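Structure record follows, encoded as structure tokens.
Please treat every number below as a calculation from the coordinates, not as lab data. Everything quoted here is computed from the prediction, not taken from an experiment. Cβ: placed from backbone, ideal geometry, glycine included. Neighbour counts: every protein chain shown.
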Amino acid sequence: MENNVYKVYEDEIQLLEEEIKLLAEKYDNLKQESTFYSDEEILTSIKLLQKEFQGKSKGERLSSLKAQLESLEREISFLMKFTGIHFTSHSKKTLEKNENRTVQKHRLSGNCHSLPFQLEFQLLETQNKENVSTVITDFNVIMESGEYSDLSKFVSSTEKHGSLLLFFRSLSSYAEWYEHRRCTFLHFKAKYPDIVALPEGQLGDYIILRNPKLPGFELMIVWKIHIDEEGRITPVLDLLTKVPEQVLERKMAPFENAPTCFRSMLLLFGIETAIENLIKVAGLEKSIPALLTRGSNLKSSFN
Amino acid sequence: MSLRPPQNLSGGVPWPPGVPLLPLILLDGGLWAAPCPPAPPQNVLGGVSWPPRVPQTPPTTLWGASPSQAILCAPDPHIPITGGLQAAPCPPDPHIPPHSPPNPWMCTPTPKFGGPRPGPQARVLAYLERLEAQGRESARKQEEEEQQEQKLAELKAKVQELRAWRDKLRAKLELQQKGLLEKDSFKMDAEHPSAWAVLEWKIQILRDLLQLFYLTGINGKLTRRGVCFCITTAFEGTYLQSYYLDVLTRPEVRIQCHSVPIFIPLEQIARKHLQTDMRRFLVVLFDHLNAYDGRRYQVDQLQEHFSGRLEGTLQRNSLCNLVVFRYNVSGDSGSFLFSAKLFYSDLCCSLPTEAIVSCMPNAPAELAEMAAAHSEMFRRLALHKAFASFSKAEETQDQAPINPPGSPQ
């Protein structure tokens, strides 16, 4: 009987303690989430503390905090460099929190290699028995997809399914290809400045090859990066030709075949070698049509 | 004065039969005997042994009352004597509460007896002993009660304290949510604690940022001799598993230990990429793990949500890239059994490259058509989603028979 009397109070104490724990966490979260300090303020604080606690007992606490700060910064910078995903700003807000369920709303912006992104999502964490299940809902992406039109379909598919992880993985790989294309274009522009032109700049998806001796003759290499709804990435390259009429009159057939030849060369040698070979051919002083049809060391691969 | 035995007041010992009636009164659950002949039980206080020929005079020194008195008064006037007892020795007042205030006098050791005593005297002694035990018992109870009360008071106080604390927190939170608790007031606490708070705030921000990498699938922690990578897998918005790889970078790049399942071709992937491009290595490994977990998740979901439709057990290999099962389909002319075989030739893919759905050889043409439609669905949709869509199609078919069976939603 007496135990029951205690139990009423003990139960209430337990409930109160749980409530207080949650409230305190909520308070700390809100405090954390609603505050912002600039890097300058953080530096000032460190300096202030250093001055105050030089050689004193609290100096230990300061150096431990500083060490923590440095190690965290080191880890983050390593991860950002390694994954190519840079977060420039992040804010979160706890929408719901109780013993076994937490809902947080995150806002995140950053860039993946050179592609900027802005995201918003809700993170639902549920504690069941031993493990925590994590589910993403309400996923929204803001990207300037006008420039990356093939990306927008993929992005809306990830938004629909809450596939935050797939978004990051595929965006990484897309951005890596994007970066690779940019570097390749720049490399050839630097190596063959007279032949290679980048009409849309280094971020464009094509280059034009010209022969200074042959005005009007142009080869256009288009390099698209295709991404499907499942996030699989395939680079698609093609060759377009622009040939002056007098050249066309003389040799018609080889130019019709050139794109096919370029495609087989891609398969055989890979992107860089195929482009380089094409540039070399385009830059030759002799008549290109002639080279394309006979006498070229590339002939075998063209057929 | 006719005295009857107390009616088992303290609830413990029954009146022993054959024991001479003694002018005894129970007070406060204990024994306060009237020192009447033949044997005045004055030894309740202990210390003095029971003399067989004790002078008939009661131990007034101890009790502070004359033997002629029917009731002995408590020597300590502060110890209250329960009302009804003073009036008459018997019968005992029924109003005496079973648990009255404590009587410190009753906590006494058992008196030592010189040896076994024959006759009624012995029985009296036994009776007294029992009463004494009763007294001790009740004293113990009282002490317990006191402790209980004390504990109760402590508990009550704690509840009050916690309630006050909670209310304070609630009020603070309310202010905070209204945005009234500004950064400044937080800074105002004291000059230096705020500098600490700034540092701690920053550490928390960095921790949250690190946590985000977990959501991107590839995460890592610098170790003394390399990096411990963590690969996380997910199916759509649901996170599934984490795998760890402890990679040493010095003196040469090498995998120290890992939690990747044995049937994932880790060695092959490592041979191809580990030395040349660590990122590539992790991305390829991620693709394998994510596709494997994705396939497994779909099968699990199918078994969890559509077990009613499945016939027999679903079979799959360890890589989960070959899945075979049979399921029920309801058509116009009743229920039929389809068997499906899904094969995933691309190990980095969680949709089958091949989906063979077959029905009974003598099935109507309509069913063969449906099987072909299902096969197409399995190649395009996640397994459990394809099933959800079949069920939906069947429902709409029931409602409006115009819809072709197995039509995509």
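What list of ³J(HN,Hα) couplings, whole Hz, do you get for segment B:202-216 from phi and the Karplus terms 6.51, -1.76, 1.60, once you set θ to phi - 60° and write x for glycine and proline?
5, 4, 5, 4, 5, 4, 4, 5, 4, 4, 5, 5, 4, 6, 8
At what distance in angstrom do the alpha carbon centres of segment B:120-135 and segment B:142-164 lie from each other?
Cα centroid to Cα centroid, the span is 37 Å.
Using a 10 Å cut-off on Cβ to Cβ distances, tally the other chain neighbours for every residue of A:116-125 and report the average as a whole number.
Mean partner-chain Cβ count within 10 Å for A:116-125: 1.
Give the cross-link partners of B:K202 among the lysines, using a straight C-alpha distance below 16 Å as the criterion and excluding same-chain residues fewer than 8 apart.
A:K31, A:K47, A:K66, A:K92, B:K183, B:K187
Take every Cα pair under 8 Å in segment A:29-177 that's 6+ residues apart, average their separations, divide by the length, and report that relative contact order as a whole percent.
Relative CO of segment A:29-177 lands at 14 percent.
Would you mind working out the magnitude of the charge dipole of chain A relative to its Cα centre, with +1 at each Lys and Arg C-beta and -1 at each Asp and Glu C-beta, to the nearest 20 Debye?
Result for chain A is approximately 1700 debye, rounded to the nearest 20.
Please give every one of the lysines within straight-line cross-link reach of A:K280, meaning a C-alpha to C-alpha distance under 19 Å, and leave out same-chain neighbours fewer than 8 residues apart.
Here the lysines satisfying the reach criterion relative to A:K280 are A:K189, A:K191, A:K213, A:K242, A:K299.
How shielded is B:211-223 by partner chains, expressed as the average number of their Cβ atoms within 10 Å of its Cβ atoms?
Working: counts 3, 12, 9, 2, 10, 12, 8, 8, 4, 5, 3, 5, 0.
Counting other chains' Cβ atoms within 10 Å and averaging over B:211-223 gives 6.
I want to verify a result. In a Gaussian network model of chain A, Cα cutoff 10 Å, which of these has the top mean-square fluctuation: A:Y27, A:Y37, A:Y178?
For chain A, modelled as a Gaussian network with Cα springs under 10 Å, the answer is A:Y37.
Taking amide H atoms as placed 1.01 Å from N in the peptide plane, list the residues 5 or more away in sequence, or in a different chain, whose amide H sits under 5 Å from that of B:F235.
Amide H to amide H, under 5 Å and 5 or more residues apart or across chains, B:F235 pairs with B:L240.
What whole number of Å gives the distance from the Cα centroid of segment A:147-169 to the Cα centroid of segment B:235-273?
One Cα centre to the other: 26 Å.
In Å and whole numbers, how far do the C-alpha atoms of chain A stretch along each principal axis, longest first?
Sorted largest first, the three principal extents are 110, 52, 29 Å.
Within chain A, what's the longest stretch lacking trypsin sites (Lys or Arg not before Pro) that sit in DSSP loops with no more than 16 other Cβ atoms inside 10 Å?
Counting at most 16 other Cβ atoms within 10 Å as exposed, the longest clean stretch of chain A is A:130-212.
Taking segment B:118-181 on its own, what percent of its Cα-Cα pair distances exceed 17 Å? Could you put the intermediate results ahead of the total?
Values: 1375 of 2016 pairs.
Tail fraction, whole percent: 68.
Run the helix sum for chain A: -39,500 (n - 2.57) per DSSP H stretch of 4+ residues, divided by residue count, reported at 222 nm to the nearest 500 deg cm²/dmol.
-17500 deg cm²/dmol
Got a sec to turn the phi values of segment B:357-365 into Karplus ³J(HN,Hα) couplings, 6.51 cos²θ - 1.76 cosθ + 1.60 with θ = phi - 60°, whole Hz, x for Gly and Pro?
Listing the rounded values in order: 10, 10, 10, 4, x, 9, 6, x, 4 Hz.
When a/c is below 1.5 the answer is rounded, else prolate if a/b is larger than b/c, else oblate, so apply that to segment B:307-398 with a ≥ b ≥ c taken from the square roots of the Cα gyration tensor eigenvalues. Let's see the in-between values first.
Details: a/c = 1.82, a/b = 1.67, b/c = 1.09.
Prolate, since a/c reaches 1.5 and a/b exceeds b/c.
When a/c reaches 1.5 or more, the comparison of a/b and b/c decides; with that in mind, is segment B:216-293 rounded, prolate or oblate per its Cα gyration tensor?
Taking the square roots of the gyration eigenvalues as a ≥ b ≥ c, segment B:216-293 is prolate.
Would you grab the residues whose amide H sits under 5 Å from the one on B:E311? Only those 5+ places off in sequence or on another chain, please, with H modelled 1.01 Å from N.
Amide H neighbours of B:E311, under 5 Å, 5+ apart: B:R326, B:Y327, B:N328.
Rounded, prolate or oblate, given the Cα gyration tensor of segment A:1-156, with a/c below 1.5 counting as rounded?
Oblate.
As a footprinting exposure proxy, order A:S172, A:S64, A:S157 by other Cβ within 10 Å, with the fewest listed first.
Values: A:S172 22, A:S64 10, A:S157 17.
Result, fewest neighbours first: A:S64, A:S157, A:S172.
How many nm separate the modelled label positions at A:N4 and A:R74, each set 7 Å beyond the Cα in the direction of the Cβ?
Taking the two extended label points, one gets 6.2 nm.
Averaged across the residues of A:68-74, what count of C-beta atoms belonging to other chains lies within 10 Å of each residue's C-beta?
Taking all residues of A:68-74 together, the mean is 4.
How large is ³J(HN,Hα) for each residue in segment A:83-94, as worked out from phi by the Karplus curve 6.51 cos²θ - 1.76 cosθ + 1.60 (θ = phi - 60°), to whole Hz, x for Gly and Pro?
8, x, 9, 10, 9, 9, 8, 8, 9, 9, 9, 7
In terms of modelled amide H atoms, which long-range or inter-chain residues lie less than 5 Å from the amide H of A:T35?
none
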